[in-house]
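The values are calculated or read from the model by the stated rules, or taken from the named source; none is laboratory data. Source: prediction; values computed, not measured. In this analysis, Cβ positions are derived from the backbone assuming ideal geometry, glycine residues included, and neighbour counts consider all displayed protein chains.
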Amino acid sequence: MKPIEFSKDEKAALVSRIQHFFDEELDQSIGFLKAELVLDFFAKEVGAAYYKQGLEDAQIALSRRIDDFAEDVYQLQRDATG
């Protein structure tokens, strides 16, 4: 899998959210560098699992739509010959 990359602004916003989470939920302040390391870790180690699940969900949704389309075409064929 290609590494997850964020724009500079996206990364800064995510790092800020991580810092806020640590402050509010864990009562522990962390600096920008540590928050950036947390983001990089999760993007690398956990991001792949979410990405894979997202692809599987998309494949299932697409498969359902293809099945629905095939059924519609079949009905049109029946109506045309019927």
**Request:** Of the conditions (1) surrounded by 12 or more Cβ atoms within 10 Å (Cβ to Cβ); (2) in a helix (DSSP H, G or I), GLY54 clears all except one; give me its number.
**Result:** (1)
**Prompt:** Of the numbered conditions (1) more than 30 Å from LYS2 (Cα to Cα); (2) touching a helix residue (DSSP H, G or I) at 6+ places or on another chain (Cβ under 9 Å); (3) in a helix (DSSP H, G or I), GLN28 satisfies every one except a single condition; which is it?
**Reply:** (3)
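Quick grid of which residues meet (1) in contact (Cβ under 8 Å) with a residue 60 or more places away in the chain; (2) surrounded by 10 or more Cβ atoms within 10 Å (Cβ to Cβ); (3) hydrophobic (A, V, I, L, M, F, W, C); (4) in a helix (DSSP H, G or I):
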| site | (1), (2), (3), (4) |
| --- | --- |
| ALA43 | no, yes, yes, yes |
| ALA48 | no, yes, yes, yes |
| ARG64 | no, yes, no, yes |
| ARG78 | no, no, no, yes |
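Let's see how each residue does on (1) closer than 23 Å to LEU55 by Cβ; (2) surrounded by 10 or more Cβ atoms within 10 Å (Cβ to Cβ); (3) outside the structural domain of LEU55 (by TED's automatic domain parsing):
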{"site": "MET1", "(1), (2), (3)": "yes, no, yes"}
{"site": "ALA13", "(1), (2), (3)": "no, yes, yes"}
{"site": "GLN19", "(1), (2), (3)": "no, yes, yes"}
{"site": "GLU24", "(1), (2), (3)": "no, no, yes"}
{"site": "ASP27", "(1), (2), (3)": "no, no, yes"}
{"site": "ALA35", "(1), (2), (3)": "no, yes, yes"}
{"site": "ASP40", "(1), (2), (3)": "yes, yes, yes"}
